[in-house]
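Here is the structure we will look at.
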Amino acid sequence: MKQLGRGFKSVMQGGWRRLRPIWRRWQIGRALIALFLTVFLAASVYLIAIAKTSRVENLQATLSQTTNVYDDNGAKAGELYSQKGSYVKYNDISQNMRDAVLSVEDRNFYHEHGFSIRGLARAAVSLVKNRLTGSQAISGGGSTLTQQLVKNAYLSQDQTFKRKAKELFLSMQVEQIYSKNEIFTMYLNNAWFGNGVWGVEDASQKYFGVHASQLTTSQAATLAGMLTNPSGYNPIDNPQRSKLRRNLVLSTMVENKKLTQAQANQAKSAAIVLNDTYDDSGNYKYPWFFDAVIDEAINMYGLSEKDVMNRGYKIYTTLNQTDQTNLQDDYQQNALFSNQDDAQAASVILNAQTGGVRAVIGGREENHTFRGFNRAVQSRRQPGSSIKPIVVYAPALQRGYTINSQLPNHKMNFGTNKYSPNNALNVETGEVPMYSALANSYNIPAVYLLNKMGVNVGYESAQKFGLPVTKKDKNLALALGGLSGGVSPQQMAQAYTAFANDGVMSEAHYITKIVDATGKTIVNNTKATQKRVISSKVADNMTRMMLGTYTNGTGVGASPAGYTIAGKTGTTEDPTNTESEYTSKDSWVIGYTKDIVAASWMGFDSDKKGQWLPIGLTSTIGPLAKTYMEQILPNTDQTSFDVTNPNVTTKSNSSSSSNNWKKFQDNFNNGVDKAVDEAGKAWDTIKGLFNR
């Protein structure tokens, strides 16, 4: 063995003798030192930059404040938080809790400068060990309370050396700005205690029904013991493990001279009595609206969900709490959906002048899923006849047609492929004025007009109104809402703001301003984003025609009592239902005044066979629309239209329309109503007025 050792030493010496001239000639030693210093300097500059740009000076304000949401009048509407509880001051934390945490988590806390030399040594040893085994992870080194605070507040939970280095520099920065008591307070207010609670105050309420200032020695030791593993040591899910962990903490407190042995024994003998008084209900009381606010903050303004929920922002929005509350209550009434239990629905209410969303519901549900699928914003459904004003009638008025232009309403073929649309129930009449064709939602006149103008005219108009059409939609089916993809209720409502606002379309939005915890405005969207898409004259004439939808046409069943609205309805046929031709897949209703635009959709999330809706609007979403319009309109300025309705020209005509509607209701109750969205009925041709 000695000979082997001497031989190895001889080989090494010989190798060094041959290498030494090269080493000296090229000054490899100095180069390695210079390289090390360069890398160290670059890393230090990088980490210091991270520490400086993390705005550590705002940490306390950020952690102590909850993100609040405000409505359109500046009144508080609710709170957003996911990793934050009720913040309490240092003096409001029991001395028992302070002693327990320091004993078990960081007994040298008040003697360190944000990091532990022993902890760093453990991290270095762990790094070498894991690199030899091929692992990128490390362990240890995060033992100080300051480092744990920094990790929770700024960094991921990844166990990497890079994260540890960031943690070290940020910890030193925190120690320079805050006192030890302030750091300790921030740590306990930002700690995770399991079962949905963050912070020592909410944990005290959740597990023991007391304030953090009232914790006994036994209770404090129980909570302190949970900090390393809340799911494993909490007394609700693991009472036995929690008790053992509590006793270990109490023994540690004796070692740390925070308790006498007699005091510890007394605390160990105490039973763990649970009492849950924690209540966070009412803070997220407008879930669909708040979800949309978070989504907009992320998608429009580049914030992260974690920032929005935990940075103590003040988010000012376009929310009208009365409208949102009413709409939420309406969605709980199955009768307003004509008892269509399996159908989904979504609604959105916009400020017609600014595009600000006053209220939104993204679906029918029993339990809300946080940031779940919002059909009012994210769905893509074919709009049926509700698209006609956008792609047919508004472009026609721009090209010289008038609301009185006579249009054919009999069976015709269009284009080289002989496209041949039908009206509802295959009804045909003589020529009809444009305003009647729109109000009764006849299909043939709409396709006729689009064919005359050219499909590109309707396609470009859809783009101008902000609808997500594609080149696949360049065909005559566009006139009837036959899109390759689809639209959302919010996109349709946004488009209709142009009709309500003299031809100027306003971008739908939820947020008007965001102020951070220091009072700095980081988002300012108080000025509406708008663009003119049609002239005010065209907008007025479109409104004139669409007033007829709710007085003489397809929307009569959803007309709010005592109020005048304009708009359009829409349905899409269900070709999969071979049992009856009088079924639909989607039902739309859009109504507006000079003050608001409301759009609702009802249907199914998929095109699964066997899922279908009745044809009539009063058998689908009509009752809902009528109800919420009667609730919303009194809550507006009730600005009147300054145009006339060509569908109602005389008192006798108005009376006739009323009588015709009564006849329609009687016929509908007897099962006669078979109309689809694509057409209304002329009473002079088939018994009476039919609605969808």
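Kirkwood hydrodynamic radius, computed over distinct alpha-carbon pairs, for region 585-637: how many Å, to one decimal?
On the way: mean 1/r = 0.0807 Å⁻¹.
Value: 12.4 Å, from the Cα pair sum.
Return P(r) of region 430-504 (all Cα-Cα pairs; 5 Å bins starting at 0; whole %; ordered from short to long distances).
3, 15, 22, 23, 25, 10, 3, 0
Take the Cα atoms of region 310-357, find their three principal axes, and give me the spread along each one in whole Å, biggest first.
In descending order, the Cα extents are 41, 32, 17 Å.
Could you list the trypsin sites (Lys or Arg not before Pro) in region 496-601 that lie in coil according to DSSP, counting only those with at most 15 other Cβ atoms within 10 Å of their Cβ?
On the way: sites: LYS513, LYS520, LYS527, LYS531, ARG532, LYS537, ARG544, LYS568, LYS585, LYS594; in loops: LYS520, LYS527, LYS594.
Filter output for region 496-601: LYS520, LYS527.
Given the C-alpha centroids of region 391-432 and region 192-251, what is the distance between them in whole angstrom?
For region 391-432 versus region 192-251, the Cα centre distance is 73 Å.
Once Rh for region 393-437 is found with the Kirkwood sum over Cα pairs, what is the Stokes-Einstein diffusion coefficient at 10 °C and 1.306 mPa s, in µm²/s?
Here the translational diffusion coefficient equals 135 µm²/s.
Cross-link list LYS206/LYS268; LYS243/LYS306; LYS89/LYS180; LYS388/LYS527; LYS84/LYS151: which exceed 24 angstrom alpha carbon to alpha carbon?
Over 24 Å Cα-Cα: LYS243/LYS306; LYS388/LYS527.
Given the convex hull of the Cα atoms of region 448-573, what is a quarter of its surface area in nm²?
Mean shadow area of the hull around the Cα atoms is 11.0 nm².
For region 172-228, what log10 I(q)/I(0) values come out of the Debye formula at q = 0.25, 0.27 1/Å, with one point per alpha carbon and no solvent?
With no solvent term, the Cα-only Debye profile gives -0.97, -1.07.
The numbers here are math on the coordinates, done by the rules we state, and not lab data. Small disclaimer: the values here were computed from a predicted structure and weren't measured. Cβ: placed from backbone, ideal geometry, glycine included. Neighbour counts: every protein chain shown.
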